Amino acid sequence: MTDFEFTLADRIAKIKSINELYDLEHNAYISFSGGKDSTVLHYLIDEALPGNKIPRVFFNTGIEYKLVLSFVTEMAKNDERFVIKTVGKDIRKTLDNVGYPFKSKLHSKKLFEYRKGYPCKSVQGYFRKTEEKYTLSCPEKLLYQTEKDFTLKISDKCCYEFKKYPAQNYEKESGRRVCMTGMRKEEGGNRFGISCTVFSDSGNIRKFHPLAIVDEKFINEYVNKNNIKLCELYYPPYNFTRTGCKGSPYSLFLQRDLDTLEKLLPQERKQCEYIWKPVYDEYRRIGYRLRKDNGQQSLFQEL
C-alpha cells in the first residue's frame, strides 16, 4: 500500500466513523470555497458516503474571484446540493466600520486587542511591552502601529463579517450545526493548530476538518487520480496555488498576486485597489509587501 492509499483509506474511515457518531447526513454542511482543497473534500465525502445529500454551501462575499464564482455556479447547475448564499454587505463600509486586515490574522487580532486596552500578557508580549519573550512577536517594522498617532483601524473581524456570521445564520436557518471544511494544518498560520474535530463547551461537535492532516502531495495526487476539474485559476495562464479573497492583504506574495491580476484580470486588479486601499497605501508607504511609489522592490516578511 502506498502512502497515498494509506492516507486515503484513513480519511475515508475517519469520515465514516464521524458520520456514524454524529449523522453528518442530517447535521452537517460543507463550507465550499471553490478552491482546490474544498473541491477535493466535495469528492472525498462522496467517496466515503455515497449518495449523501450534504449541502455544499458557498458564501458569495463579493471578494471572490469571478472565475471562482463561475466555477461554483457551474457545479451548482449539475448538483442540487450546492447552495450559493449572497452575503450582500457593502465591503468598504464594513471594513471602515470593523477594521481592515493587516499582515496576518494574528497581527490584526493582537493589534485590535492592544488598542482596546486588553491587559493580557499574550497581547502585551506580542508588542514587546513586557519582559517576557514570545516566539511570535510583532516585527519591529510594525511596532509603530501601537502609537497613538497611528489611526488606521485594524482588526481580524473581516472574516467574521463576510464568512463566519453568514455561516452562523445558515446554521440557524438549516438546523445543520456541523461545519465541514477543507482546511489543512500544512497551510500554516492559524490553521497550523487545527484539529480534525472541534467541539463546543457543551460537548457537541461543531466543526469537522477531514483534510486537516493531509499534505499538498496527497491533494494533488487525489486530483490527478480522479481527473477532477478545478477552478480555471489553477491552470495556465493563471497558475494560482491558492484562491480565496482576491488581493487579500494577508498574502505574503501580494505584489506578485497584483502583478498577475494586472496582466490577466485588470478589472479585478482595480477592484482590489478600491477594497483594500487604506492597507495598500500603508504597505506602500512603509515598503512592506508592496513596492514603494518609487518602484523599489517590496519587502517580504515571513511572520
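Where a number appears in this text, it was derived from the coordinates with a stated rule and is not lab data. Please read these numbers as outputs of a predicted model, since none were measured by experiment. Ideal geometry is used to build each Cβ from the backbone, glycine not excepted, and the neighbour counts take in all protein chains shown.
Values computed for the structure shown
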{"item": "For the chain, built as a Gaussian network whose Cα springs stay under 10 Å, the top-fluctuating residue of 240, 71, 150", "result": "150"}
{"item": "Convex hull projection area averaged over all views, the stretch 155-245, Cα basis, nm²", "result": "8.0"}
{"item": "Theoretical ellipticity at 222 nm over the chain - DSSP helices of four or more residues, -39500 (n - 2.57) apiece, nearest 500", "result": "-12500 deg cm²/dmol"}
{"item": "Efficiency of FRET from Cβ geometry, residue 152 and residue 291, R₀ 25 Å, rounded to 0.05", "result": "0.80"}
{"item": "Stretchable slack from residue 202 to residue 106, in nm (0.36 nm times residue separation minus alpha-carbon distance)", "result": "31.9 nm"}
{"item": "Proximal aspartates and glutamates to residue 89, defined as alpha-carbon separation beneath 12 angstrom and excluding residues fewer than eight positions away on the same chain", "result": "161"}
{"item": "Formal net charge of residues neighbouring residue 125 (Cβ-Cβ distance under 15 Å; K, R +1; D, E -1)", "result": "+2"}
{"item": "Label point 7 Å beyond Cα of residue 169 along Cβ direction - residues of the stretch 75-117 with amide nitrogen under 11 Å", "result": "85-90"}
{"item": "Nearest-ten-degree value, helix 165-174 long axis tilted from longest Cα axis of the chain", "result": "20"}
{"item": "Rg/Rh ratio calculated on Cα atoms of the stretch 81-213 (Kirkwood radius)", "result": "1.02"}
{"item": "Three-way shape call for the stretch 27-116 based on the alpha-carbon gyration tensor, with the a/c threshold at 1.5", "result": "prolate"}
{"item": "Cα gyration tensor category, rounded, prolate or oblate, for the stretch 1-40 with a/c compared to 1.5", "result": "oblate"}
{"item": "Spin-label pair residue 80/residue 12, simplified geometry with 7 Å Cα→Cβ offset, distance in nm", "result": "2.8"}
{"item": "The chain, Cα convex hull volume normalised per residue, Å³", "result": "162"}
{"item": "Positive-end extreme of charge dipole, the chain - chosen from 212, 243, 88 (charges on Cβ)", "result": "88"}
{"item": "Value of D in µm² per second that Stokes-Einstein yields for the stretch 99-146, Kirkwood Rh from Cα pairs, at 20 °C (1.002 mPa s)", "result": "199"}
{"item": "Net charge of neighbours whose Cβ lies under 15 Å from the Cβ of residue 162, counting Lys and Arg as +1 and Asp and Glu as -1", "result": "+4"}
{"item": "Listed peptides 25-34, 50-59, 201-210 by packing density, highest first (mean Cβ within 10 Å)", "result": "25-34, 50-59, 201-210"}
{"item": "Whole-Hz couplings from phi, Karplus 6.51/-1.76/1.60, listed for the stretch 103-110; x for Gly and Pro", "result": "6, 7, 4, 4, 4, 4, 5, 5"}
{"item": "Dipole magnitude of the chain about its Cα centre (Cβ charges: Lys, Arg +1; Asp, Glu -1), debye to nearest 20", "result": "960"}
{"item": "Entries in 207/270; 16/77; 141/185; 93/185; 109/185; 66/277 that, when Cα-Cα distance is taken, lie over 26 Å", "result": "207/270; 16/77; 141/185; 93/185"}
{"item": "Cβ-based net charge around residue 93, under 14 Å, with every Lys or Arg adding one and every Asp or Glu removing one", "result": "+2"}
